[in-house]
Amino acid sequence: MRENIYLHKDRFLEELKDFLRIPSISSLSDHEQDVHKGADWVAAALKEIEMENVEVIETEGHPIVYGDWLHAKGKPTVLVYGHYDVQPADPFELWESEPFSPTIRDHKIYARGATDDKGQLFIHLKALELLMAEHGSLPVNVKFCIEGEEEIASPNLPPFIHENVEKLSADAVLISDTSFIEKGQPAICTSLRGALAMKVNVWTANTDLHSGSYGGGVPNAIHSLVRLLDSLHDESGRIAVESFYEGVPTVTEQLREEVAAIPFNAETTKAELGLDSLYGEEGFTFQERTGIRPTLEINGITGGFQGEGIKTIVPGEASAKISCRLVGAQDPQKIYNLIKQHLEKHKQEGSHVITKSMIQAKPVSLNSQEAMLQKAAEAYEKVYGVRPLFPKEGGSIPIVEVFARVLDTPVVLMGFGLPSENLHAPNEHFHIDNFTKGIETVCEYLNSL
């Protein structure tokens, strides 16, 4: 199989470039047609590798692409999930090459979506193409469920799953949208934090006011917002929202040992990020803070005059975007309500607060000893020569919890990215070595089932 991969490597990369050229940005309405173009590209690619029953299924948002091959009688069925939508590319000035003009340099392919998730999704298409070409059939039954809304928290996929349980039923859900621990060290993620994102608007006067005429005599919306945001944490880095930590699991010594077993170098991390120090909730390590503890982060603040020069005003309105990562039994709707109550309780006199929930996803925990995960570990070890680790991931893939619960089937997070590949940031890229070895690993895994 390895020889076949390298024989077709250049063609595979050119095809991937075609996929990466589509600016399928799900969060921007200006790119709605591009997102549909991405769905059509995936559907055509599935047909090209002889998948059947291929559909582009319209939703209230962006389309879901389905396809299957179900002729391996008596063999397991694997549902492959991925997403063809991508994050916005700005700030454009920080890209060394155009984000939607894929470029190969230093054995990496650079483009928005290269590692999250087009490159990793494409691994599965090429693995199945090679298996079909070699044997005229596949070793297992395969279904595809590919969406265009993962980057906006998959609002239309959960109802689709609920309504199509039989259509999507499988012995395992296979997802490549996570990363290795570091280069050469594969990982199978065994937990993902839940997520909550929200917007907070604060307003005072019905317009911006002249700071000479009104400054010092009326409330300032930005001052009010900053004080509100500062009230969300205490001096120790702990989140100060009442009842926020209800449902958060106790950090046992066994769990600390499990988290500490994942390699991490604080000095290297600080150097890579240009930081003088790390920061977070007192009493917990960096790995614990980013993997098994909940968070509340301020993602952006807007208000007042942002143009060139100065405009001496008292702003009448300001806003902020907040996101939380959740663990254990924390429910995103309950956390949203608690934060909303906190903001209302702590708002400055003369100010008004409106909140809007934007993303909600529940945490999920997976059993590392489940047979389907262990088979994946064996496939990694055979190709990379290294047994994968089973980390607890700090990020969120909202749909994983829905797949696991509604389909009642194991989810295998078989990622091939690297933490250093700038996903969601300028100069996103994907290591070509992991692209080719990824194809080999997926082939090995499906054959082993």
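Here's the picture: charge each Lys and Arg Cβ at +1 and each Asp and Glu Cβ at -1 in the range 1-126, and of GLY38, TYR110, TRP69 the one pushed furthest to the positive end of that dipole is TRP69. Using the 1.4 Å probe convention, the accessible area of the range 18-58 works out to 53 Å² per residue with neighbouring protein chains retained. Each residue, GLU257 and ARG405, gets one label point 7 Å from its Cα in the Cβ direction; the gap between the two is 3.2 nm. Taking Cα atoms, how many degrees apart are the long axis of helix 332-346 and the longest axis of the chain, rounded to 10 and kept between 0 and 90? The helix 332-346 is inclined about 10 degrees to the chain. Run through the DSSP bridge list for the chain and note the antiparallel percent, rounded to the nearest 5. Taking every DSSP beta bridge with both residues in the chain, the antiparallel ones total about 70 percent.
Considering all C-alpha pairs of the chain, those separated by over 28 Å amount to 54%. Of the residues MET1, LEU255, TYR84, the one whose Cα sits farthest toward the positive end of the charge dipole of the chain, with +1 on the Cβ of Lys and Arg and -1 on the Cβ of Asp and Glu, is LEU255. Cross-link partners for LYS437 among the lysines, with Cα-Cα distance under 26 Å and sequence neighbours closer than 8 places in the same chain left out: LYS9, LYS17, LYS47, LYS75, LYS108, LYS118, LYS126, LYS143, LYS183, LYS375, LYS382, LYS392. Restricted to Cα atoms, the range 390-449 shows a radius of gyration and a Dmax of 14.2, 38 angstrom. By the Cα gyration tensor, the range 263-406 has an equivalent ellipsoid whose semi-axes, rounded to whole angstrom, run 39, 22, 14 from largest to smallest. Length gained on full extension, SER27 to LYS9, computed as 0.36 nm times the residue gap minus the Cα-Cα distance: 3.3 nm.
Positive-end ranking of ALA153, PHE19, SER137 along the dipole of the chain, with charges on Cβ about the Cα centre, is headed by ALA153.
Using the 1.4 Å probe convention, the accessible area of the range 93-199 works out to 32 Å² per residue with neighbouring protein chains retained.
Charging the Cβ of each Asp and Glu at -1 and of each Lys and Arg at +1, and nothing else, the dipole of the chain about its Cα centre rounds to 560 debye. As a length-normalised measure over Cα pairs under 8 Å and 6 or more apart, the relative contact order of the range 323-407 settles at 33 percent.
Order of 422-431, 84-93, 205-214 by packing, highest average Cβ count within 10 Å first? Walk me through the intermediate numbers first.
Working: 422-431: 20.4, 84-93: 17.9, 205-214: 13.0.
Sorting 422-431, 84-93, 205-214 by mean packing, highest first, produces 422-431, 84-93, 205-214.
Classify the range 88-230 from the C-alpha gyration tensor, please: rounded if a/c falls under 1.5, else prolate or oblate depending on whether a/b exceeds b/c. Note, shape of the range 88-230 comes out prolate. Let me make sure I get this right: for the range 1-114, a, b and c are the square roots of the gyration tensor eigenvalues over alpha carbons, sorted descending. Under 1.5 in a/c it's rounded, otherwise prolate if a/b > b/c, else oblate. Which is it? Oblate, since a/c reaches 1.5 and b/c is not below a/b. Computed on the Cα trace of the range 57-146, the radius of gyration divided by the Kirkwood hydrodynamic radius gives Rg/Rh = 1.08.
Is the range 1-67 rounded, prolate or oblate when judged by the Cα gyration tensor, a ≥ b ≥ c being the square roots of its eigenvalues, rounded requiring a/c under 1.5 and prolate requiring a/b larger than b/c?
Details: a/c = 3.79, a/b = 1.61, b/c = 2.35.
Oblate, since a/c reaches 1.5 and b/c is not below a/b.
Quick one: order LYS347, LYS73, LYS118, LYS334 from most to least accessible surface, probe 1.4 Å.
Working: LYS347 65, LYS73 185, LYS118 0, LYS334 95 Å².
Greatest to least solvent exposure: LYS73, LYS334, LYS347, LYS118.
Adding -39500 (n - 2.57) for every DSSP H run of four residues or longer, then dividing by how many residues the chain holds, sets the calculated 222 nm ellipticity at -10000 deg cm²/dmol. The portion of the accessible surface of the chain made up by carbon and sulfur, rounded to a whole percent, is 47 (1.4 Å probe; DNA, RNA and ligands excluded).
At a probe radius of 1.4 angstrom, the accessible area of the range 285-344 per residue rounds to 49 square angstrom. Measuring nothing but alpha carbons in the range 167-250 and taking Rh as the Kirkwood radius, the Rg to Rh ratio lands at 1.22.
Each 10 Å bin from zero up to the one holding the largest Cα-Cα distance in the range 321-430 carries the following percent of pairs: 11, 29, 30, 18, 8, 3, 0.
Averaging the sequence gap over all C-alpha pairs within less than 8 Å and six or more residues apart, then dividing by the number of residues, gives the range 44-174 a relative contact order of 39 percent. Using C-alpha pairs under 8 Å with a sequence gap of at least 6, the mean separation divided by the residue count of the chain gives a relative contact order of 26 percent. When the surface is traced with a 1.4 Å probe over the full set of protein chains, GLU288 keeps roughly 10 Å² accessible. Each part gets one Cα centre, and for the range 264-301 versus the range 7-61 those centres are 35 Å apart.
The values are calculated or read from the model by the stated rules, or taken from the named source; none is laboratory data. Remember, it's a predicted structure, so these values are computed and weren't measured experimentally. As a convention, Cβ positions derive from the backbone with ideal geometry for all residues, glycine included, and neighbour counts pool all protein chains shown. Accessible surface areas use protein heavy atoms only, side chains included; no ligands, DNA or RNA. Shrake-Rupley method; radii C 1.70, N 1.55, O 1.52, S 1.80 Å.
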